[in-house]
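A short worksheet on the structure shown next.
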Amino acid sequence: MDCLPNNSDNKTLKSLSSDRRLDSMDLKSNHTALVLADPAPLNRVSSGLLPYSGATFSQNLFLTVPTMKAGILDIRASNCLDSMESSSPPDKKSRDFNNDLESTDTDVAYRAWLLKYPSALASFDQITNPAKGKRIALFLDYDGTLSPIVDNPDCAFMSNDMRAAVKNVAEFFPTAIISGRSRDKVYEFVWLTELNYAGSHGMDIMGPVRQSFDDHSNCIRSTDNQGKEVNLFQPASEFLPMIDEVFNSLVNNTKDIRGAKVENNKFCVSVHYRNVDEKDWTVVAQRVHDVIRNYPRLRLTHGRKVLEVRPVINWDKGKAVTFLLESLGLSNCEDVLPIYVGDDQTDEDAFKRVYWFIQVLREGNCGYGILVSSVPKESNAFFSLKDPQEVMEFLKSLVVWKKTSTL
Ligand SMILES: O=P(O)(O)OC[C@H]1O[C@H](O[C@H]2O[C@H](CO)[C@@H](O)[C@H](O)[C@H]2O)[C@H](O)[C@@H](O)[C@@H]1O
């Protein structure tokens with residue numbers, strides 16, 4: 001499917017109850033053991049869909065996977081299909097078209113859900129009051145957060161207004177984008193040099209040079225597009241040849257499925273089924289399953305009408321937040337308040353992490369996760385925004401608040 005940029009300058013173009021927090025966070029005493037997340041939406045997941053419940057963490061970045069290849073094989077294609085369905089609620093347009101009554105019910109359900117996940121716009125003071133005298137660090141997902149979800153992943157452009165809003169907010173707050181896409185690709189969409197970028201679900205981070213990272217394994221010095229020296233952290237670098245191989249196999253194995261699209265995101269691969277007839281979703285699941293059964297060091301996770309193949313390493317968007325905070329010199333500061341805005345399952349790791357970051361290190365403070373969703377779903381976020389349009393309003397409000405704030 002071809003697409004053209006939607007505008008010329010796309011270059012390529014509660015007081016929340018702490019009880020709820022504790023209920024929803026996976027913050028048991030072993031938080032440092034780092035939970036392997038990526039469940040399907042929490043209220044709909046079937047246990048058979050959690051591929052690595054038997055995995056344990058080794059000291060280093062790699063997960064110890066049960067020796068049986070069945071670690072992955074146990075995700076039967078049929079279970080995978082369940083998860084594809086549960087992680088892909090029908091879009092609002094088709095619901096409205098099919099049944100106005102159902103749409104009304106959905107709106108009622110959404111309003112009820114807002115009681116649990118208040119709008120970050122309506123609760124703006126609740127967010128900014130504790131931020132007075134503190135430095136906000138902003139972390140943004142890309143697809144579904146800064147750009148609307150569209151059928152063709154190559155056409156997920158952000159609007160000029162959104163770009164301007166992100167640029168402005170980055171002038172006032174350290175800002176990073178953490179995406180499932182390859183870092184290069186997300187940069188081509190965003191095209192702003194004022195930000196830090198993490199691609200491949202945080203497995204490819206470019207950040208400012210920090211000498212303390214020189215001894216960090218997987219962290220090297222590099223240069224960015226402007227020739228500036230940067231640190232490049234790629235904890236899954238050894239998986240590159242494997243990911244390329246799997247990408248080619250997946251392309252080959254799915255080429256006869258109408259609408260299926262395989263995307264190489266450098267350290268992970270996305271298999272999109274948004275444009276596949278629902279009756280063929282089982283075929284997609286089966287074909288992906290057939291490929292990754294030969295790769296016990298890869299795992300499968302679910303996003304919005306996408307299956308994602310990624311290395312079995314102890315790293316996710318949440319860890320990327322921690323790494324970036326450290327890169328930005330913000331990890332040991334009493335006065336830092338991280339805010340993470342995202343829409344997808346992989347963002348849940350980051351929602352947990354921004355909460356954990358502050359709560360564990362500094363009693364009384366907290367970071368905020370903001371879920372972008374127009375349908376009710378369980379989340380580790382505290383607040384919500386309905387869609388990228390509301391995300392943009394939120395970013396603009398932060399700038400106005402900062403400009404007018406006396407502290
Ligand atoms: O972490 P993100 O920046 O949210 O990236 C997650 C995936 O986003 C993209 O796919 C999603 O958006 C597409 C464009 O709107 C849509 O067509 C697709 O159905 C969604 O799943 C991206 O293409 C994937 O590679 C990312 O992993």
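Determine, yes or no, whether Ala131 is among the aliphatic types (A, V, I, L, M), open to solvent by less than 10 Å² (accessible area, probe 1.4 Å) and more than 21 Å from the chain's Cα centre (by Cα).
On the way: among the aliphatic types (A, V, I, L, M): yes; open to solvent by less than 10 Å² (accessible area, probe 1.4 Å): yes; more than 21 Å from the chain's Cα centre (by Cα): yes.
In short, yes.
Scanning the stretch 299-318 for residues that are outside any strand (DSSP E or B) and within 10 Å of the ligand (Cβ to nearest atom), which turns out surrounded by the most Cβ atoms within 10 Å (Cβ to Cβ)? If we take residues in the stretch 299-318 being outside any strand (DSSP E or B) and within 10 Å of the ligand (Cβ to nearest atom), then Lys317 is surrounded by the most Cβ atoms within 10 Å (Cβ to Cβ). For the stretch 327-344, what are the residues that are touching a Ser or Thr at 6+ places or on another chain (Cβ under 8 Å) and open to solvent by 10 Å² or more (accessible area, probe 1.4 Å)? Listed by number, the list holds a single entry, Ser331. Of the residues making up the stretch 257-281, those that are more than 21 Å from Asp154 (Cβ to Cβ) and either open to solvent by 60 Å² or more (accessible area, probe 1.4 Å) or in contact with a strand residue (DSSP E or B) (Cβ under 8 Å, 6 or more places away or on another chain) (or both) are Glu278, Lys279.
Within the set Ile243, Ile205, the sole residue that is assigned to a helix (DSSP H, G or I), crowded, with 16+ Cβ neighbours inside 10 Å and within 16 Å of the ligand (Cβ to nearest atom) turns out to be Ile243. Cβ-Cβ contacts under 8 Å between residues 6 or more apart (or on different chains), taken from a first residue in the stretch 171-182 that is more than 7 Å from the ligand (Cβ to nearest atom) to a second residue that is of a type in the set (S, T, N, Q), are listed as Pro174/Asn196; Thr175/Asn196; Ala176/Asn196; Ile177/Asn196; Ser182/Ser200; Ser182/Asn264; Ser182/Asn265.
For Asp161, are the conditions met, namely being among the charged types (D, E, K, R), more than 18 Å from Pro235 (Cβ to Cβ) and in a loop (DSSP other than H, G, I, E, B)? Give the steps one after another, and end with the answer.
Values: among the charged types (D, E, K, R): yes; more than 18 Å from Pro235 (Cβ to Cβ): yes; in a loop (DSSP other than H, G, I, E, B): no.
Criteria not met by Asp161.
Give all pairs with beta carbons closer than 7 Å in which a residue from the stretch 143-166 that is not assigned by the TED database to the domain that holds Asp347 meets a residue that is within 13 Å of the ligand (Cβ to nearest atom); count only pairs at least 6 apart in sequence or on separate chains. Every condition considered, no pair remains. Inspect all residues belonging to the stretch 89-107 and state whether any of them is at pLDDT 65 or above, assigned to a helix (DSSP H, G or I) and among the basic types (Lys, Arg). No, the stretch 89-107 has no match at all. Against the numbered list (1) open to solvent by less than 10 Å² (accessible area, probe 1.4 Å); (2) within 12 Å of the ligand (Cβ to nearest atom), Pro148 comes up short only at (1).
Annotation: His216 fulfils all but one of (1) in the same structural domain as Met162 (by the TED database); (2) modelled with pLDDT under 95; the unmet one is (1).
The values are calculated or read from the model by the stated rules, or taken from the named source; none is laboratory data. Remember, predicted model here, so these are calculated numbers, not experimental data. Here Cβ is always computed from backbone atoms with ideal geometry, including for glycine, and neighbour counts include all displayed protein chains. Surface accessibility is based on the protein's heavy atoms, side chains included, excluding ligands, DNA and RNA. Shrake-Rupley method; radii C 1.70, N 1.55, O 1.52, S 1.80 Å.
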